[in-house]
Amino acid sequence: MSAPRRITFPHMGDYWVPLKRIAQLSGADVVVPPRITRHTIDIGARYSPEFVCVPFKYTLGSFIESLEAGANVVCQVCGGCRFSYYAEVQEAILHDLGYEFEFLSFQGGGNILEVMLEFQRKAAPHTPVPKIAKAFFDAFRMAEAIDEVQGRIRRDLAFEVETGSLRRVETEFLRQLDATTTPRQVTELRQETMRRLDEVAVDRPERPLRVAVVGELYVVMEPYSNSRIENELARNGVEVHRPLDLTTLIRHSVGHRKHIREMIRGADPYVTRHIGAEGTESVARTLAAIRDGYDGVVHLKPFGCMPEVNAMAAMQRISREHTFPILFVSCDAQSAEAGLRTRVEAFADMLRIREAGVIDA
Ligand code: SF4
C-alpha cells in the first residue's frame, strides 16, 4: 500500500496561511513548513551550489525541513529570472540526498491564472476548476487581509506606547485567520483586527521619518532573510512602508506585461528595458518614493541576484543625482544581525540630521 500523500511548499513570511488553504485542495494532508531559522539556511546552504542566489538556499532548506517532517509532495512556483530553472535543480539535489517524494513545479509564466490551472492539472486533477478558482480567490482574500494588517503594523510599530502591543494583535489575527473557513469570516476578522489596531495607543510625531523598503521579493517578504530589518527601522523611530507584498504581486501577475511596461516608464531614464524579476520595480519604486516625499529607501538585494545588482547601479546614480539616501543591504546565508543593526542605526541618525537641515545625503 502506498504512503498517504503529504504536501508542502516553501516558507515565506506569514503567507503559509493562504498557501495552506490552496494546498488542502489537493486532498493530501498539508505539512506546513516550519518557520525559517538558522537551521533552515544552514542546511539549505550546505546542499546548494555555492554561488546560487540566496532564495534558492532558503527554499531548499525549507523543503528539507518539511520532508524530514513527513512531506512527500513538494510544490515550488518558478519564474521571473533564473528561478525558472531552480525547481529542476532543487528536485535533483533532494533526490540525491535520498528523499523519496513527488516534485510539482509551477512555471505559470508570471501569471497567477496559469499557475492555478497548472495546479489543478498537476496537484488536484479530480477537483473541478470552479472549486480550485474559489479556493485561490479565498486564499487571495487571506493574503489581502495579512497585507493590510501587517502594512498598518509596519507603519505604526515605531510609535506604539506599550512595546509588543501591535505584535500581540497580529499573533491573534494569524491564529484566527488559519481557523477561518469562509471569505466572509476572513473579511470580518480583517475588519475586527483593523479596529483593534486602531485602539492600540501610538505616539506618532508630527512629521515622522518615512522609509520605503524595496528589493527582491523573497528577501523583502521573509523577515528572517533580511534580519528583520523592518523591526530594526521601527526600533530607530522610522515609519516603514513596503510597496511589494503578495497581494500586489498577484494583482500585477494578472496584467504582467502591462505592469512591466508601467515599471519601465516609472524607472525612466535610469532603466529603459526590463532588467528581470523585481529589478525594474526597485528602481521605479525608488523614484516614486522621492516624488512622494519619503526620507529614504532601503534596498534589499539577495547575494547572487543579477536583477537587483543591475537595479543597484541605477539606484546609486539616483541617490547621487537626487541627493537621496538609500541603504543598500545584501542578504546572504551568513548575514549578521548585529552588523545590520549598527548600519540601520547610522542610517536613521543620518536621516534625522538631514531632516533637521544640517546635511545633504
Ligand atoms: S530575483 Fe534574484 S534572488 Fe530572486 S530568484 Fe531571481 S536571481 Fe535569485
Quiz item: Whole-Å semi-axes of segment 251-297's equivalent ellipsoid, largest first, each the root of 5 times a Cα gyration tensor eigenvalue?
Solution: 19, 12, 9
Exercise. Could you tell me the accessible area of residue 306 in Å² (1.4 Å probe, neighbours in place), rounded to the nearest ten?
Key: 110 Å²
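Assigning unit charges at the beta carbon (Lys, Arg +1; Asp, Glu -1) and nothing else, what dipole magnitude in debye, to the nearest 20, does segment 124-242 show about its Cα centre? Display every interim value, and only then the final one.
Details: 19 positive and 21 negative charges, 52 e Å.
With Lys and Arg at +1 and Asp and Glu at -1, about 260 debye.
Taking all protein chains together and a probe of 1.4 Å, list 299, 95 from the most accessible to the least accessible.
Values: 299 0, 95 80 Å².
So the residues, ranked largest to smallest area, are 95, 299.
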Quiz item: Hey, any idea what the orientation-averaged projected area of the convex hull of the chain's Cα atoms comes to, in nm²?
Solution: 18.3 nm²
Exercise. Starting from the coordinates of the alpha-carbon atoms of segment 128-204, obtain the Kirkwood hydrodynamic radius over all distinct pairs and give the value in Å to one decimal.
Key: 13.2 Å
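If you keep only loop residues by DSSP, which GluC sites (Glu not before Pro) in segment 86-165 have at most 13 other Cβ atoms within 10 Å of their Cβ? List each step's numbers first, then the result.
Numbers: sites: 88, 91, 100, 102, 114, 118, 144, 148, 160, 162; in loops: 100, 162.
Qualifying residues, ordered by number: 100, 162.
Heavy atoms only, 1.4 Å probe, whole protein assembly: order 241, 11 by accessible area, highest first.
Working: 241 50, 11 5 Å².
Ranking 241, 11 by accessible area, largest first, yields 241, 11.
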Practice problem: Tell me the label-point distance for the pair residue 352, residue 176, using the 7 Å Cα-to-Cβ offset, in nm and rounded to one decimal. | Solution: 3.6 nm
Quiz item: Using modelled backbone amide H atoms (1.01 Å from N, in-plane), which distant-in-sequence or interchain residues come within less than 5 Å of residue 213's amide H?
Solution: 241, 242, 298
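Is there a quick way to get the dipole size of segment 207-361? I mean about its Cα centre, with the Cβ of Lys and Arg at +1 and of Asp and Glu at -1; what is the value in debye to the nearest 20?
That gives a dipole near 420 debye.
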Self-check item: Gaussian network model of the chain, Cα within-10 Å springs - most flexible of 302, 243, 55
Solution: 243
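Would you kindly state how much longer the chain becomes between residue 206 and residue 188 on full extension, computed as 0.36 nm times their sequence separation minus their alpha carbon distance, in nm to one decimal? If you can, show how the numbers build up before the last one.
Values: separation 18, 0.36 × 18 = 6.48 nm, distance 3.19 nm.
That works out to 3.3 nm of additional length.
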Quiz item: Can you tell me the accessible area per residue over the chain, all protein chains present, probe 1.4 angstrom, in square angstrom?
Solution: 46 Å²
Quiz item: Using the Cα atoms of segment 1-141 to build a convex hull, what is its mean projected area in square nanometres?
Solution: 8.4 nm²
Exercise. With springs only between Cα atoms under 10 Å apart, run a GNM on the chain and tell me which of 235, 190, 175 wobbles the most.
Key: 175
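Taking every pair of distinct Cα atoms and averaging 1/r, then inverting, what Kirkwood hydrodynamic radius in Å comes out for segment 207-361? Display every interim value, and only then the final one.
Numbers: mean 1/r = 0.0638 Å⁻¹.
That comes to 15.7 Å for segment 207-361.
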Self-check item: Within the accessible area of the chain (1.4 Å probe), percent carbon and sulfur
Solution: 53 percent
Quiz item: Against the longest principal axis of the chain, how steep is helix 337-355, in degrees 0 to 90 to the nearest 10, with axes from Cα atoms?
Solution: 40 degrees
Quiz item: Pick from 151, 98, 164: which is most flexible by mean-square fluctuation in a GNM of the chain where alpha carbon atoms under 10 Å apart are linked?
Solution: 98
Quiz item: Quick one: which of 258/301; 122/301; 57/131; 57/122; 122/258 span more than 30 angstrom between C-alpha atoms?
Solution: 122/301; 57/131
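Give me the extension gain from residue 262 to residue 96: residue separation times 0.36 nm, minus the current Cα-Cα distance, reported in nm with one decimal. Don't skip to the answer; put the middle values down first.
Working: separation 166, 0.36 × 166 = 59.76 nm, distance 4.28 nm.
Net length gain for the segment: 55.5 nm.
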Quiz item: Considering only DSSP states other than H, G, I, E and B, which GluC sites (Glu not before Pro) in segment 168-237 qualify as loop sites with at most 15 other Cβ atoms within 10 Å?
Solution: 206
Practice problem: Would you kindly find the accessible area of residue 47, with a 1.4 Å probe and non-protein molecules such as ligands, DNA and RNA excluded, rounding to the nearest 10 Å²? | Solution: 90 Å²
Quiz item: Mind listing which GluC sites (Glu not before Pro) in segment 262-361 are in a DSSP loop and have 16 or fewer other Cβ atoms within 10 Å?
Solution: none
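The values are calculated or read from the model by the stated rules, or taken from the named source; none is laboratory data. These numbers were taken from a predicted model, which means no experiment stands behind them. Note: ideal-geometry Cβ built from the backbone for every residue, glycine included; neighbour counts use all protein chains shown. When the accessible area is computed, the model is the full protein with side chains, heavy atoms only, and any ligands, DNA or RNA have been set aside. Shrake-Rupley method; radii C 1.70, N 1.55, O 1.52, S 1.80 Å.
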